[in-house]
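Here is the structure we will look at, set down as structure tokens.
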Amino acid sequence: QVQLVESGGGLVQPGESLRLSCEASENIFDINIMRWYRQVPGKQRELVAGLRSGGSTNYADSVKGRFTISRGSAKVPVYLQMNSLKPEDTAVYYCMIQVYLRGDYWGRGTQVTVSS
């Protein structure tokens with residue numbers, strides 16, 4: 001069973017940047033889809049960014065132009081670069097990876113807090 005661990009979250013001021021990483025417990029190959037989600041207490045989990053194996057990306061309107069999802073290595077498959085952070089970006093961020101013929105895997109989340 002693949003375990004995913006997000007890192008890179010923290011407390012930053014508005015306008016600053018963070019880079020989130022998603023590390024796997026083993027090398028992962030044959031990835032179909034990589035996504036980042038976020039969730040605020042009391043609200044549904046929201047898709048922030050997605051990246052398909054072919055290279056196409058999609059972003060929530062609220063983060064377009066500020067966030068960038070990118071592919072890493074077999075051990076750290078996906079990153080999320082977050083620039084110009086706003087207080088409304090405060091949430092727990094989760095990575096999800098869909099592996100061909102194996103299913104979806106989720107991390108446990110990393111807290112991002114944007115506050116002055």
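If you wrap the range 1-88's Cα atoms in a convex hull and average its projection over all directions, what's the area in nm²?
That works out to 6.3 nm², a quarter of the Cα hull's surface.
Among Q39, G72, S62, whose Cα sits farthest toward the positive end of the charge dipole of the range 8-79 (+1 at Cβ of Lys/Arg, -1 at Cβ of Asp/Glu, about the Cα centre)?
Selected residue: S62.
Of Y100, T113, Q1, which is farthest towards the positive pole of the chain's charge dipole, taken about the Cα centre with +1 and -1 on the beta-carbons of Lys, Arg and Asp, Glu respectively?
Of the options given, the answer is Y100.
For the range 13-65, what is the accessible area per residue in Å², given a 1.4 Å probe and the full set of protein chains? Intermediate results must be reported in sequence, preceding the final value.
On the way: 3130 Å² over 53 residues.
Per residue, the range 13-65 has an accessible area of 59 Å².
Roughly to the nearest percent, how much of the accessible area of the range 1-80 is carbon and sulfur, given a 1.4 Å probe?
Of the solvent-accessible surface of the range 1-80, carbon and sulfur hold 44 percent.
The values are calculated or read from the model by the stated rules, or taken from the named source; none is laboratory data. Quantities reported herein were computed from a predicted structural model and do not represent experimental measurements. Because the Cβ atoms are built from the backbone with ideal geometry, glycine has one as well, and the counts that use them run over all protein chains shown. The accessibility values were calculated without ligands, DNA or RNA, using every heavy atom of the protein model including side chains. Shrake-Rupley method; radii C 1.70, N 1.55, O 1.52, S 1.80 Å.
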